[in-house]
1. All other residues with a Cβ under 14 Å from the Cβ of SER41 taken together, and with Lys, Arg as +1 and Asp, Glu as -1, what is their net charge?
2. Report the label-to-label distance for GLU140 and ILE42 in nanometres (one decimal), using points 7 Å from each Cα along the Cα→Cβ vector.
3. For region 85-141 and region 17-67, what is the centre-to-centre distance using only Cα atoms, to the nearest Å?
4. If all Cα-Cα distances of region 1-95 are sorted into 10 Å bins from 0 onward, what percent lands in each bin, rounded to whole numbers?
5. Using only alpha-carbon positions, what ratio does the radius of gyration of region 111-180 give when scaled by 2.2 N^0.38 Å?
6. Could you give the length gained on full extension between ILE92 and PHE105, defined as 0.36 nm per residue of separation minus the Cα-Cα distance, in nm?
7. Report the paramagnetic label zone for GLN54: residues of region 139-156 whose backbone N is under 20 Å from a point 7 Å from Cα along the Cα-to-Cβ axis.
8. So what are the three principal axis dimensions of the chain from its Cα atoms, in whole Å, longest to shortest?
Amino acid sequence: MIPKYFFLTKGVGRHKEQLQSFELALRDAGIHYCNLVNVSSIVPPGCKMVSREQGLKMVQPGEITFVVLARNATNEPHRLLASSIGVAIPSIKNQYGYLSEHHSFGQTDDKAGDYSEDLAATMLATTMGIQFDPETAWDERKQLFKTTGMIIKTTNITQTAIGDKNGLWTTTVAAAVFVSAKNGQLLKAKAKTHS
């Protein structure tokens, strides 16, 4: 099975039980009703990124759903936590792309997002033979990667939160959710019948 679509989503949950806070974060992300299976970090060639709204329409309750998931949790009051997914898509049609998952404490939304995006782009760049100095700032490397014409898109989705002041578990999730071609075709068929 090679997915034809994927979408990005994120969420946060708080509860006295850690597991329940994770469930609430998945609810916030809209994927709580799926049977999630963690996979590694490859975007198949030709796999198209769709909006969260489109993607959620393509998954069914109880479906085995493949995800690249970043997850973090704390019950420490006022502690900053982050979960982030970075994306790097190549311009070459038959080349695969990369997803990276990152979770951290003390990083802002921008810092964690840039870090995960940098990870994904660096993994893709090294497989494509793009020469760069890994010590160069991400903004400079991002421009270099794009000017080569080999990487057409980098992005991230990041969820940050501050630990609950009363010590409830706070969980963040960010996910890239893969969707099968069959579900994409169902969505297109539904759209045609409603137009």
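Read the figures in this text as sums done on the coordinates, not as results from a lab. Since we're looking at a predicted model, the values are computed, not measured. Every residue, glycine among them, receives a Cβ derived from its backbone with ideal geometry; neighbour counts consider all protein chains shown.
1. Result for the local shell: -3.
2. Between GLU140 and ILE42, the label points sit 3.3 nm apart.
3. Centre-to-centre (Cα) distance: 21 Å.
4. Calculated over all Cα pairs of region 1-95, the distribution is 14, 44, 29, 11, 2 percent.
5. 1.44
6. Numbers: separation 13, 0.36 × 13 = 4.68 nm, distance 3.56 nm.
Extra length available between ILE92 and PHE105 comes to 1.1 nm.
7. Correct set: 152-156.
8. Principal-axis extents of the Cα atoms in the chain, largest first: 51, 50, 28 Å.
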